[in-house]
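Worksheet for the structure shown next.
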Amino acid sequence: MQLPHSPSRRDVLRNSALGFGSLALADLLQAGNGSSLSGKKLPTKAKRVIFLFQSGGPSQLDLYDPKPLLNEKHGEQLPDEVRAGQRLSSMSGNQSSIPLAGSPFKFSRHGKSGQWFSEILPHTSKIADDICVVKNMYTEAINHGPGVTYLQTGSQIAGRPSIGAWLQYGLGTSNNNLPSFVVLVTKNKGGQPLLSRFWGSGFLPSEYQGVRFRSGKDPVLYLNNPDGVSEKSRRMLLDRLAELHSHQHALSPDAVIQDRIQQYEMAFNMQTSVPEVADVKDEPESVYDLYGKDSRNPGSFAANCLMARRLAERGVKFIQLYHQGWDQHGGLKGGITKQCRETDQASAALVNDLKQRGMLDDTLVVWGGEFGRTNYSQGKISPDNFGRDHHPRCFSLWMAGGGIKSGISFGQTDDYGYNIVDQAGTPLSPDKHKYDENAVHVHDLQATILHLLGIDHTALTYKYQGRHFRLTDVHGHVVEPILA
């Protein structure tokens, strides 16, 4: 028996007069044939990525990039020649006074590498010889929404696929029981809102979007069978549903139908795999001691770091952790100290844990936010109570494992911590950043992550609305000096 079939949009195009419908249909069907990776696969140094995203913009001046001159000139005005006409955000752009603000924290060198770390990073400083601190990051985004969107999708405008979706699209999956792209968000954190589009698939098929794991009884919503529905009944239902979808696909070929079948099957397999990976009772006391007491609190950053390691062990390729609260426009000293208490030990523990298990060499760990903070105070200033505004012109992040050189700092900023400088100490003009090896743009970071996973960022493309898109748009270069 043939099911009744209503004409779809594609049916109308296919049957249109003069053959124009067929031409249009052909273009539509080519929309998903974007990847030109064949023949351009690179040597793979990393098998997976764990991105510890610090939402809000951590202050590089109080964590990784000490500036004694700011302490000397605390309270003095930001020189015009240093600012060089750069636009400021609306939150401090109208201030009559732009006073420089030194860090209230002490810095010291650590490890054989002698890298600088703030006193509020006692655990990260102990892995100084395992990480690469990139101090010359920059972005064009000056506000949180566009900034996070830029770092996660390669565009300040919403609607593009996230980096995790791009990676799953380019690399596929070798795990039929867990998603290739998993998102973990620290629970009960205030700060800038986190939107699901940050880990969405954009115009890529929906199967590539990130799957959010939550703390508590149901890590993935709507995964469990309703009361009264057995596993056998669910299996029979999915088999019949797959038959109906296959029949529909034969009548009207549409990739969305195939995506739906695959998503149902993945959800069924996850009914067993997700409870297993989420059950951390088998972890020894030594692991909880390593990650800190918060690791026993489901949904905390520490617990999510532990979960990230468990997911990595089980073949998940891109694991994204989000931790809010780094937006210290005021009360910086207390605010950033609290943030470090929540994240410092667990971040270092994750690197150490991976290293102990022989996984760090092929796992890329990235720690950082969407931009940095200003060298001047937003609002009134006092020695122990001030805030910093958003600063896109330079900021810091760190990377470890997965083909990254360890125990190095890359790039430098001027003595005021305001501009990126070249190796001779000359400030770089913003219009030359994209063409200068001394500056690392958002697209450069993305290109480097893809490179370490064996992907040429210029080759990973997807045709949508008549043009080929890629994560790095038309920019980006691999940051060769930080590669091992």
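Tell me, which strands (runs of 3 or more DSSP E) wholly within the range 113-226 include 2 or more residues that are modelled with pLDDT of 95 or more?
115-118, 131-138, 181-185
Considering the range 35-73 alone, what residues qualify as being touching a strand residue (DSSP E or B) at 6+ places or on another chain (Cβ under 7 Å) and at pLDDT below 95?
Selection gives Ser35, Ser36.
Quick check on Ser382: is it modelled with pLDDT of 95 or more and of a type in the set (S, T, N, Q)?
no
If we scan the range 429-441, do we find a residue that is of a type in the set (Phe, Trp, Tyr) and in contact with a strand residue (DSSP E or B) (Cβ under 7 Å, 6 or more places away or on another chain)?
no
Can you find, within the range 271-301, the residue that is farthest from Gln339 (Cα to Cα) among those that are buried (at least 18 other Cβ atoms within 10 Å of the Cβ) and among the small types (Gly, Ala, Ser)?
Ala278
Name the single residue that is surrounded by the most Cβ atoms within 10 Å (Cβ to Cβ) among those in the range 238-253 being among the hydrophobic types (A, V, I, L, M, F, W, C) and farther than 25 Å from Leu223 by Cα.
Leu251
Scan Asp456, Asp444, Asp389, Asp422 and give me the residue that is acidic (Asp, Glu) and touching a Lys or Arg at 6+ places or on another chain (Cβ under 6 Å).
One residue alone meets the criteria, Asp456.
Return the pair list, or none, for Cβ contacts closer than 9 Å from residues in the range 235-258 that are β-branched (Val, Ile, Thr) to residues that are surrounded by 15 or more Cβ atoms within 10 Å (Cβ to Cβ) and modelled with pLDDT of 70 or more, at least 6 apart or on different chains.
These pairs meet every condition: Val256/Pro205; Val256/Ser206; Ile257/His245; Ile257/Gln248; Ile257/His249.
Restricting attention to the range 432-443, does a residue exist that is surrounded by 18 or more Cβ atoms within 10 Å (Cβ to Cβ), in a helix (DSSP H, G or I) and at pLDDT 95 or above?
Scanning the range 432-443, I find at least one residue that is surrounded by 18 or more Cβ atoms within 10 Å (Cβ to Cβ), in a helix (DSSP H, G or I) and at pLDDT 95 or above, so the answer is yes.
Out of all the residues in the range 458-484, which are without any contact (Cβ under 8 Å) to a residue 60 or more places away in the chain and either farther than 22 Å from Gln156 by Cβ or touching a Ser or Thr at 6+ places or on another chain (Cβ under 7 Å) (or both)?
Those that are without any contact (Cβ under 8 Å) to a residue 60 or more places away in the chain and either farther than 22 Å from Gln156 by Cβ or touching a Ser or Thr at 6+ places or on another chain (Cβ under 7 Å) (or both): Val478, Glu480.
(1) closer than 19 Å to Arg393 by Cβ; (2) of a type in the set (A, V, I, L, M); (3) surrounded by 24 or more Cβ atoms within 10 Å (Cβ to Cβ): which one isn't true of Val182, the others all being true?
(1)
Only one of these is within 31 Å of the chain's Cα centre (by Cα) and within 23 Å of Gly145 (Cα to Cα): Phe105, Phe53. Name it.
Phe53
Looking at this structure, is Asp414 surrounded by fewer than 24 Cβ atoms within 10 Å (Cβ to Cβ), among the acidic types (Asp, Glu), at pLDDT below 95 and more than 24 Å from the chain's Cα centre (by Cα)?
When the stated conditions are applied, Asp414 does not pass them.
The values are calculated or read from the model by the stated rules, or taken from the named source; none is laboratory data. Keep in mind that this is a model prediction, so the values were computed, not measured. Using ideal geometry, Cβ is built from the backbone for each residue, glycine included, and neighbour counts are taken over all protein chains shown.
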